[in-house]
Amino acid sequence: IKFKKFEKIVIIACGTAYNAGLVGKYAIEKWGQIPVDVELASEYRYREPSLDKKTLVIPISQSGETMDTLMALRYAKSKGATIFSVCNTNGSTIGRESDAVLYTHAGPEIAVASTKAFATQLIAMYLIGLEIGRQLEHLSSKKCKEIIKELTQLPAKVEQVLETVEPLRELTRKFKSADSILFLGRHTGYPTVLEGALKLKELAYMHAEGFAGGELKHGPIALIDNGTPVVAIMPTKDSVLAGKMASNIQEVKARGAVVIAISEDEFAGADHLIRIPQVDPLLQPVLAVVPLQVIAYEMAVARGNDVDQPRNLAKSVTVE
Ligand code: M6R
């Protein structure tokens, strides 16, 4: 794909794939300096949005069969857009109807809740972002190489996170009767907490919401009550956002929340601290989502739910 000919990118997806698309927006806009919209496929197709052959549309779909994503793809195609999909399933309809496909090669994903497919969707978005940055000459080859090196180190870092989550499992079980669990994040931590909250809803059948830290005062802080569990992802300490998240944590703690912070660095402001390895801030979701997936898994088990086949859900949503 020659990215130079496009003026904007539209990512269309549903559920977890949409959350991966949001992370993709952060990476592509930063490295590629091209505007990116991320759209829920089910909303996009009925909105009759304007797009043309200068638009690159990126559908993201694990199954490649999601009806809403497929119909949004067909709409975009009928308007002359180029379709470059990110799919996990070889030979799927979305893949076949696209001009180009980046297969994520996560292998068949059996459990209804997407986990490994999400990780590979993130990596696909990073690769697209790097390639756009390179082609549009907004990313130096030095920076590009640094990021690629970090990408290759991610599997070992994910292993490291998994080796240290035992205390988190225990902690999670303590919250099994909570009415609701809230998640806070900033920058790429924001789409990551949306994904964490989605996982918890799907598997634990608990009310869960993910918020951008900056939105807290605009409404969600009213939800905080004595004992409300709040899971917060700390931005890397070099970022100005780390201080802002630390203030958000103080604000919710002052209203009685019990805060579990996921952080690369030592952080004394939370009730519980889960450490993850240091990584480029744009890549942090790959690591930060793992404890969130563990929370959802452990909570589901503690509440006696079927982790692989949660109620009311199908692996592939081929109807509207
Ligand atoms: O197959 P797709 O990636 O197109 O599926 C999209 C969503 O239905 C899917 O991600 C759903 O949200 C998962 N159950 C999340 O765990």
Kirkwood estimate for segment 188-249, i.e. one over the average of 1/r between Cα atoms, Å: 12.5
What is the projected area of the convex hull of the Cα atoms of the chain, averaged over all directions, in nm²? 15.7
Surface per residue (accessible, 1.4 Å probe) for segment 198-247, Å²: 44
Dmax and Rg, reported as Rg then Dmax, of segment 42-112 (C-alpha, Å): 12.1, 38
Cα coordinate range in segment 80-157, projected on the principal axes (Å, largest first): 40, 37, 15
Please work out how much length the chain gains when fully extended from SER180 to LEU162, using 0.36 nm per residue of separation minus the C-alpha to C-alpha distance, in nm with one decimal. 4.0 nm
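Considering only protein heavy atoms, what per residue accessible area in square angstrom results for segment 271-320 with a 1.4 angstrom probe?
Roughly 45 Å² per residue, with all protein chains present.
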Given a 1.4 Å probe and heavy atoms of the protein chains only, how would you sort ILE1, ILE83, largest accessible area at the top? ILE1, ILE83
According to a simple spin-label model (label point 7 Å from Cα along Cα-to-Cβ), what is the distance in nm between ALA222 and LYS4? 5.3
Accessible surface of VAL23 - all protein chains present, 1.4 Å probe, nearest 10 Å²: 0
Leaving ligands, DNA and RNA out of it, work out the accessible area of GLU7 with a 1.4 Å probe and give it in Å² to the nearest 10. 120
Stokes-Einstein at 4 °C, 1.567 mPa s, Kirkwood radius from Cα pairs: D for segment 1-159 in µm² s⁻¹? 83
Fully extended, how many nm does the chain gain between GLU29 and ALA268 (0.36 nm per residue separation, minus their Cα-Cα distance)? 82.7 nm
Ranked by GNM mean-square fluctuation in the chain (Cα springs under 10 Å), the top entry among ALA100, ALA222, ALA124 is ALA222
MET67 - accessible surface, heavy atoms, 1.4 Å probe, Å² rounded to 10: 60
On the accessible surface of the chain, probed at 1.4 Å with all protein chains in place, carbon and sulfur together account for a percent value of 52
Expressed as a whole-number percentage, the relative contact order of the chain with C-alpha contacts under 8 angstrom and at least six residues apart is 18
Local charge sum around ILE12 (other residues, Cβ-Cβ under 10 Å, Lys/Arg +1, Asp/Glu -1)? -3
Taking a probe of 1.4 Å, how large is the accessible area per residue of segment 4-70, in Å²? 39
Expressed in angstrom and rounded, the centroid-to-centroid distance over alpha carbons for segment 244-291 and segment 36-96 is 34
Residue separation between ALA302 and SER78 times 0.36 nm, minus their alpha-carbon distance, gives in nm 75.8 nm
Go ahead and set up a Gaussian network model of the chain, Cα springs under 10 Å, then flag whichever of ALA178, ALA81, ALA41 fluctuates most. ALA178
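The values are calculated or read from the model by the stated rules, or taken from the named source; none is laboratory data. Everything numeric here is computed off the predicted structure, so don't read it as measured data. All Cβ positions, glycine included, derive from the backbone under ideal geometry; neighbour counts span all protein chains shown. Please note that ligands, DNA and RNA were not included when accessible areas were found on the heavy atoms of the full protein model with its side chains. Shrake-Rupley method; radii C 1.70, N 1.55, O 1.52, S 1.80 Å.
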